[in-house]
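Below is one structure, written out as structure tokens, with a few remarks after it.
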Amino acid sequence: MPEKTETATEHVPAAAASALPAAHAKPKRPAQTIFDVRDVDVHYGTHKAVTGINLALPHGQITALIGPSGCGKSTFIRCLNRMNDLIPSARVDGQIIYHGQDLYAPDIDPVQVRKRIGMVFQKPNPFPKSIYDNIAFGPRLLGMKGSMDDIVEQALRRGALWDEVKDRLKTNAFGMSGGQQQRLCIARALATDPDVLLMDEPCSALDPISTGRIEDLMLELKETYSIVIVTHNMQQAARVSDMTAFFTVQLGDNEQRTGYVVEYAATDKIFTNPDDPRTEEYVTGKVG
Amino acid sequence: MTAAQIAASVIPKASGRDKAGTSVFGGLMLASLALAFLGLGAIIWDFTSDGLSVVTWDFITKFPSRVIPENSGINSAIWGTIWLMVICAVLVIPIGVMTAVYLEEYAEKDRWYNRMIEINIQNLSAVPSVVYGILGLAFIVRGPLSLGPVLAAGGITLALLVLPVVIIVAREAIRAVPPSIREGSLALGATQWQTIWKQVLPGSIAGISTGVILALSRAIGETAPLLVIGAAVSPRFNPTGLDSAFTALPIQILAWTQDPDREFISRAAGAIVVLMAILLIMNSVAIWLRNRYEQKW
């Protein structure tokens, strides 16, 4: 089987799974880890949103976070670049080790974290500016050296958008299609040269053709970046990811919904031979 | 049953009652609209019929005279109004926008002091303008600042008067910038201030400037606060600086309407034409700005 599977089909890929050792029942820690997540709990005020997350997210691969609505996938991915800091009531406990540093150590500046870890959101959110200025926004903030034209071109090429927009770089990004806008947002995140790309349901507002393009793009990008993607679309997780974490939700006192990880393993294993019956029920479509 | 009968039974015709209700309600709405337009038309007719012939270049460039109506103009009133507008804008734009930015972007909404500020601003925007005049007289003309009845005092008083309105409008414009834009900017490693300066304010500039212009056009139409703080009546000189005595168009209009001489009253009508023209231009600019630069999200 080739490294890149056909993205338009809905078969479970054997793809990258073969490159990995056989998955174990417990979360395993591959040699190369980009995020080492240890005992992470997230509270919103008094509400515990996710609990007990222990994951070793691999470097240079795509990790998918799947699970039913409200299970804390988005909450968790927002911990990885400290976007939860923007919600005043949010509190993150535990450790997330990134390049040997705890992202939640007191001396870490969240702004610096976000410069290294890019993020793409559910709904494309281009700035109301030209395509060029959208891409150049991040590099300008960082004061990146070199020709801005080159930086913009390179980012748009990496975002697989250059050929479509090279003749209208100065037009407003709001004039693009939804799929193009989302690829612009990906290119914008890549322009600052991060080493991780977080994607929070990046295709949920897109049609299948645009989705296919973005999935192709993700497979190309994982050569250079580590990618973490939240998705509701199990076929998507199966098509693109190397590792998959299945989240679900438990109802606590006062109907509080708290998310936790049921199973984390190679995508292939999660979709063909999961250890936990809850995972199997979910991926085979019996629940959720 | 014929096909038509079947159709009629599936989708019944509107009842007579429904139709009557619709037309009565429509008629009432039209009538209220007509009443509003009639009132406006009557006012415009009243002062233009009397005042339009008065408005000549001489009228605009001459100083007011207390004795000869034909020689009486609104030069000092126009310059006073322009000065007041500039002072007011210089004060109200930075303070109003910064307050709005604080309340929308920084303030924790559930803190009691932020809620108090918010309620206060709402209430201040409803305070009658004459009360601001008394405030200006007590604290700016006399009292702590003791500036005397000069342009600076007038400008500050008008700025205080329209500040709540500017804050409210600016907050609405800032709130209209979707959170996803802020998230996108912050996720690229922008600080909160960079996000505000480079995304939020540019995205809300159309709404803010529209609000500022409308607030300024309210300020230049105000008579009561200027009267209370002691604007000059019919001065035969233009303001030369912030510490000059001054008058303004509404004050000049009031002074002339109180004169028993009929001729002076038509001068007042002429000044109203000029004031209305300035207001119309300002409001048109506001509408144009909004249509041209308003951001559709």
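Per-residue counts of other Cβ atoms within 10 Å, averaged by peptide: what ranking do you get for A:252-264, B:242-254, highest first?
Put in order of decreasing packing, that is B:242-254, A:252-264.
For a quick check, take a GNM of chain B with Cα springs below 10 Å and name the residue from B:Ala36, B:Ala152, B:Ala269 with the largest mean-square fluctuation.
Of B:Ala36, B:Ala152, B:Ala269, the most mobile in the Gaussian network model is B:Ala36.
If the viscosity is 1.306 mPa s and the temperature 10 °C, what translational diffusion coefficient in µm²/s does Stokes-Einstein give for chain A when Rh comes from Kirkwood over Cα pairs?
82
Report the trypsin sites (Lys or Arg not before Pro) located in the stretch B:209-297 that are in a DSSP loop and have at most 14 other Cβ atoms inside 10 Å of their Cβ, or state none.
Sparse-neighbourhood loop trypsin sites (Lys or Arg not before Pro): B:Arg236, B:Lys296.
Report the FRET efficiency, 1/(1 + (r/R0)^6), for B:Trp45 and B:Ser23, where r is their Cβ-Cβ distance and R0 is 35 Å, rounded to 0.05.
It comes out at approximately 0.65.
On alpha carbon coordinates alone, what is the Rg over Rh value for the stretch A:159-217, Rh being the Kirkwood radius?
Radius of gyration over Kirkwood radius for the stretch A:159-217 works out to 0.95.
Cross-link partners among lysines for A:Lys166, C-alpha distance below 30 Å, same-chain residues fewer than 8 apart left out?
Straight-distance partners of A:Lys166: A:Lys4, A:Lys115, A:Lys123, A:Lys129, A:Lys145, A:Lys222, B:Lys198, B:Lys296.
What percentage of all Cα-Cα pairs in the protein assembly as shown are separated by more than 38 Å?
Tail fraction, whole percent: 52.
When a/c reaches 1.5 or more, the comparison of a/b and b/c decides; with that in mind, is the stretch B:30-89 rounded, prolate or oblate per its Cα gyration tensor?
Taking the square roots of the gyration eigenvalues as a ≥ b ≥ c, the stretch B:30-89 is oblate.
Cα-Cα pairs above 13 Å in the stretch B:221-267: how many percent?
57
When the Kirkwood radius is taken over all Cα pairs of the stretch A:113-225, what Stokes-Einstein diffusion coefficient follows at 10 °C and 1.306 mPa s, in µm²/s?
D, rounded to a whole number, is 115 µm²/s.
Taking a temperature of 25 °C and a viscosity of 0.890 mPa s, what whole-number D in µm²/s does Stokes-Einstein yield for the stretch B:1-140 with Rh from Kirkwood over alpha carbon pairs?
Reported coefficient: 108 µm²/s.
For the stretch B:57-143, which GluC sites (Glu not before Pro) are in a loop by DSSP, counting at most 11 other Cβ atoms within 10 Å?
B:Glu108
Mind pulling up the Rg/Rh value for the stretch B:140-243? Radius of gyration and Kirkwood radius, both on Cα.
The Rg/Rh ratio comes out at 1.18.
Residue by residue through A:105-115, how many Cβ atoms from other chains fall within 10 Å of the Cβ on average?
2
What per residue convex hull volume, in Å³, comes out for chain B when only alpha-carbon positions are used?
Per-residue hull volume (Cα only) is 242 Å³.
Answer rounded, prolate or oblate for the stretch B:93-174, using the Cα gyration tensor with square roots of eigenvalues a ≥ b ≥ c: rounded when a/c is under 1.5, else prolate when a/b is larger than b/c, else oblate.
prolate
Quick one: what do you get for the stretch A:135-288 if you divide its Cα Rg by 2.2 N^0.38 Å?
1.25
Top mean-square fluctuation among B:Trp256, B:Trp193, B:Trp79, Gaussian network model of chain B, C-alpha springs under 10 Å?
B:Trp193
Working only with C-alpha atoms, what are the Rg and Dmax values of the stretch A:223-265, expressed in angstrom?
Just the Cα atoms of the stretch A:223-265 yield Rg and Dmax of 13.6, 45 Å.
Coordinate-derived values only; no laboratory data. Nothing here was measured: the structure is a model prediction, and the numbers come from that model. Please note: Cβ atoms are built from the backbone with ideal geometry, for glycine as well, and neighbour counts cover all protein chains shown.
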